[in-house]
Amino acid sequence: MTTAREHKTHRDSKSHKVPKDDRYEVRLSGSGGHGVILACVMLARAIGTDPRRNVVLTQSYGPEARGGAVRADLVMAKGAIFYPKTMKLDLLLTFTQEACDKYCQDLKPDGLLVVDSTMVTKVPIKNSYGFPFIRLAREKVGHPMVANVIALGAIAELTGIVPREAIRAIVKEFAPKGTEEKNLKALQVGFDVAKKAKRK
C-alpha cells in the first residue's frame with residue numbers, strides 16, 4: 001500500500017495506449033458533485049467523433065443526487081460492441097477513497113488507475129497516477145467545478161484514448177455559455193500535469 005502523493009507508475013507510460021482493434025473499457029467514479037457522469041459523456045462524444053470507433057456509455061447514480069456514489073462506464077472498440085457493459089477495466093478514474101476501494105478490483109492486471117491524490121490517500125496498486133484535481137481546479141482555474149475537465153485532460157494525455165483536438169472541441173461545446181475559456185484552460189491543465197508526470 002502506498003500513498004497517492006508518493007506513488008508513480010511502474011511501467012513505461014507510453015505502453016498504456018488504446019489498442020488499435022481491441023475492446024477498451026473505462027470507468028470514471030466519485031461522488032455526486034464531482035461531475036463524473038458529464039465527464040464520461042464528453043469523453044464518449046469525443047471518442048465518437050472518430051468514425052472508426054464505436055462507443056457505448058452506461059451510468060449509475062447512488063441514492064443521493066449529491067454526495068452519493070456515482071460512476072459512469074465507457075466501452076469503446078473498433079469493431080461491433082456486442083456486450084455494452086464493462087467486464088474488466090483498462091482504466092479507472094476515482095475521485096474518492098470509497099470509489100477506489102470499491103472498483104479497483106475491477107481493473108485488469110495491467111489496468112491503469114488514476115486518482116485524485118487529495119481525496120485518495122491509500123492507493124492499492126503500483127500502476128497508478130495521482131493528481132490533486134480539485135485543488136488544481138481551485139488554484140489554476142479558480143473554480144472547483146472544473147476538476148472533472150482537468151481529469152479528462154489527464155486521461156487523454158496519459159492514454160491517447162482521444163486526440164487533444166477532439167476533446168477540446170467537445171469540452172467547448174458542453175461548456176455553459178461564458179465559461180468556454182475557463183473549461184479549455186482546465187483541460188490544458190490536465191494535459192500539462194499528466195505530461196509532466198509521464199516524464200518522471
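Details
- Measuring spread by the Cα atoms of the chain yields a radius of gyration and Dmax of 15.4, 43 Å.
- Filter on LYS140/LYS195; LYS78/LYS102; LYS78/LYS198; LYS122/LYS195; LYS140/LYS196; LYS126/LYS198 - keep pairs with C-alpha separation over 21 Å: LYS78/LYS102; LYS78/LYS198; LYS122/LYS195
- Simple spin-label estimate for LYS185 and LYS126 gives 3.9 nm between the two label positions (7 Å along the Cα-to-Cβ direction from each Cα).
- Positive dipole terminus of the stretch 13-199, leading residue within ALA80, CYS104, PHE191 (C-beta point charges): PHE191
- Each peptide in 160-170, 175-185, 77-87 was scored by the mean count of other Cβ atoms within 10 Å over its residues; highest first, the order is 160-170, 175-185, 77-87.
- Per-residue ellipticity at 222 nm, computed for the chain from helices alone with -39500 (n - 2.57) per DSSP H run of at least four residues, works out to -10500 deg cm²/dmol.
- Lys, Arg +1 and Asp, Glu -1 on Cβ, resulting dipole of the chain about Cα centre, debye, nearest 20: 500
- Inter-label distance, nm, simple model (7 Å from Cα along the C-beta direction), GLU165/VAL56: 3.0
- Spin-label pair GLU98-LYS198: with each label point 7 Å from Cα along the Cα-Cβ axis, the two points sit 3.4 nm from one another.
- Antiparallel bridges, percent of DSSP beta bridges restricted to the chain (to nearest 5): 55
Since every read-out is calculated from the coordinates, none of them should be taken as a lab result. All figures in this text were calculated on a predicted structure; none of them were measured in a lab. Every residue, glycine among them, receives a Cβ derived from its backbone with ideal geometry; neighbour counts consider all protein chains shown.
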